[in-house]
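Here is the structure we will look at, set down as structure tokens.
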Amino acid sequence: RQLSNNRGFTAVVALTLALGIGVNTVVFTFYSAVVLKPLAVRDPDQMVRLITRERKGDQFAYAEFEDLQARAKSFSAVVATSTHVVMLARRAEETTPEVVAVRLVSPGYFSALGVAPALGRGLGAGDRAAGVLSYETWRRRFNADPAMLGQTLIVQNVAITIVGVAPEAFAGTGRPASAPDLWLPLALQPEVLPAVDWLHDPAQRQWQVLVRRKPGVALAQAAAELDGGGRAGPQAEREPLRVRAAQATLFDAGGFLEFQAGCAVLMAAVGMVLL
């Protein structure tokens, strides 16, 4: 009866609560669905992304990746993937190439992630001139033709044999994750990108590193093993490599300060509305 006698006040309270709760729900749902969404890999809670403490970024030199591999005793796998690279590719029988997005990855990348290809297989340790197509590229560019297995693509004038197609749900492990058109072995870097040397130049920090924790190994224990342990970093890094580790998610907003600040401001505004 009191509320019905003060309809204006009641309407303001109801609309304020609806607005505050609604916006709060939308923001948190977005944060949960995007930021906290796990990678589309086997046992995603075991996947850990490494960030350098000094540079506050996730890009490492190849020598640093090898250093981390050597001292990762509490991890069952350590993998590297390059940043997105734009290249030209065409079928062997075609003359006009198309622009494709490529990521170079370390041997055993797909098996370490526990990603079973939708077609064919992943990239093994013995693969060099081999490639794996993304599902979307296979469907859009090649009409989901199973006969693409074993076919040759000319990528940057290098003949590549297609050995597999990634599953539809796999968006890669970049930061943020976005599936390239093609995954290639990192050993091909000097051939497909001859103008640079990502494998020997310590100033070329083009590799993102993910590790898989062994079952039963706590994240803090595993992170301490990698942070500053072992030998010193490459010659360009006079001090031991310092890293921090965090569970890898689809977006990994923990490294995006602007995104964090935006979420904090928005949540504070919603809290003020509710207050």
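The values are calculated or read from the model by the stated rules, or taken from the named source; none is laboratory data. Here the structure is a predicted model, which means the values were calculated and not measured. Positions of Cβ are generated from backbone atoms using ideal geometry, with glycine treated the same way; all protein chains shown enter the neighbour counts. Side chains included, ligands, DNA and RNA excluded: accessible areas come from the protein's heavy atoms. Shrake-Rupley method; radii C 1.70, N 1.55, O 1.52, S 1.80 Å.
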Check your understanding: Scanning for something in a strand (DSSP E or B), of a type outside the set (Gly, Ala, Ser), farther than 29 Å from Glu191 by Cα and modelled with pLDDT of 85 or more, does the range 41-48 turn up at least one residue?
Key -> yes
Revision key, fill the gap. Matching residues in the range 59-102 (farther than 19 Å from Phe142 by Cα and open to solvent by less than 60 Å² (accessible area, probe 1.4 Å)) number 20
Practice item. Tell me, yes or no, whether the range 134-150 has at least one residue that is open to solvent by less than 20 Å² (accessible area, probe 1.4 Å), in a loop (DSSP other than H, G, I, E, B) and either closer than 20 Å to Met87 by Cβ or in contact (Cβ under 8 Å) with a residue 60 or more places away in the chain (or both). Key: yes
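Which one of these is under 21 Å from the mean Cα position of the chain (by Cα), of a type outside the set (D, E, K, R) and under 19 Å from Glu93 (Cβ atoms): Leu184, Leu133, Leu113?
Of the residues listed, the single one that is under 21 Å from the mean Cα position of the chain (by Cα), of a type outside the set (D, E, K, R) and under 19 Å from Glu93 (Cβ atoms) is Leu133.
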Point to revise | Residue that is farthest from the chain's Cα centre (by Cα), among those in the range 83-109 that are over 27 Å from Gln59 (Cβ atoms) and of a type in the set (S, T, N, Q) | key: Thr95
Exercise for review: Could you list all residues from the range 106-123 that are open to solvent by 30 Å² or more (accessible area, probe 1.4 Å), under 19 Å from Phe65 (Cα atoms) and either at pLDDT below 90 or assigned to a loop (DSSP other than H, G, I, E, B) (or both)?
Suggested key: Pro107
Practice item. For the range 195-207, indicate whether the set of residues that are over 14 Å from Val86 (Cα atoms), in contact with a Phe, Trp or Tyr (Cβ under 8 Å, 6 or more places away or on another chain) and open to solvent by less than 10 Å² (accessible area, probe 1.4 Å) is non-empty. Key: yes
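Name the residues in the range 25-40 that are open to solvent by 10 Å² or more (accessible area, probe 1.4 Å) and either within 17 Å of the chain's Cα centre (by Cα) or at pLDDT 80 or above (or both), would you? Outline the logic, then answer.
So the first thing to find is which residues in the range 25-40 are open to solvent by 10 Å² or more (accessible area, probe 1.4 Å), and the list is 25-34, 36-38, 40.
Scanning the range 25-40 gives Thr25, Val26, Ala33, Val34, Leu36, Lys37, Pro38, Ala40.
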Check your understanding: Using beta carbons and a limit of 8 Å, which pairs, at least six apart or on different chains, have the first residue in the range 89-102 and under 11 Å from Leu184 (Cβ atoms) and among the small types (Gly, Ala, Ser) and the second one part of a loop (DSSP other than H, G, I, E, B) and open to solvent by 20 Å² or more (accessible area, probe 1.4 Å)?
Key -> Ala89/Pro97; Ala89/Gln156; Ala89/Asp181
